[in-house]
1. Give the number of residues within the range 65-106 that are among the charged types (D, E, K, R), surrounded by fewer than 20 Cβ atoms within 10 Å (Cβ to Cβ) and closer than 17 Å to E55 by Cβ.
2. Pick from the range 1-45 the residues that are in a loop (DSSP other than H, G, I, E, B) and β-branched (V, I, T): which of them is nearest to the chain's Cα centre (by Cα)?
3. Check R44, R14 and return the single one that is basic (K, R) and at pLDDT below 90.
Amino acid sequence: MTIPVETLIDGLARTLTDAVLPDVTSRFARGQLFAVVDVLRNLRDRLEVKAALHEAEAASAAAALERAAAVLGREAAAARIAGALAAAPAGPPAERAAALRAALVAALEAIDLLPEERAASARAAIAEHLAAQTMRDVAVLKPSLLGEISKG
């Protein structure tokens with residue numbers, strides 16, 4: 001589950017101006033910092049998350065919901081899950097992924113009302129998707145600069 005890019009960039013710019021800038025004493029370094037904040041603010045509304053990331057999440061979520069509904073058979077929870085899946089729009093990819101995230105929440109709520117022996121397989125299908133989605137989210141991260149950060 002991703003945080004909107006706009007929120008991340010706003011947080012970066014705010015941290016740089018509120019927390020970092022007061023401790024920067026060099027005129028040159030302050031100018032560089034303001035340049036970075038300016039670039040971030042201008043990029044904020046021009047960036048788009050790659051559609052492929054949303055498409056992969058949506059495909060995985062839809063498959064998990066289908067498996068959960070199939071496992072539950074004639075349970076009312078199966079119909080609720082199938083309905084939430086059917087209600088998800090076909091596109092654009094970001095909207096479909098968001099709708100399927102909401103459908104996963106609804107599915108888990110429906111599954112939680114069932115006895116554990118009936119719920120376990122359906123819950124496992126969704127857990128597999130969540131684990132795979134976590135790996136997809138982490139896979140796009142760049143290598144950490146914590147070593148360099150800690151050196152100052």
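The values are calculated or read from the model by the stated rules, or taken from the named source; none is laboratory data. What you see is a predicted model; the values in this text were computed from it and never measured. Heads up, the Cβs are rebuilt from the backbone with ideal geometry, glycines too, and the neighbour counts pull from every protein chain shown.
1. Total satisfying the criteria: 3.
2. Quick first cut of the range 1-45, residues in a loop (DSSP other than H, G, I, E, B) only: 1-4, 24-26, 44-45.
Pick out the ones that are also β-branched (V, I, T) and you get 2-3, 24-25.
Values: T2: 2, I3: 6, V24: 34, T25: 38 Å.
Filtering first and then ranking leaves T2.
3. Working: R14 fails: at pLDDT below 90.
Being basic (K, R) and at pLDDT below 90 holds for just one of R44, R14, which is R44.
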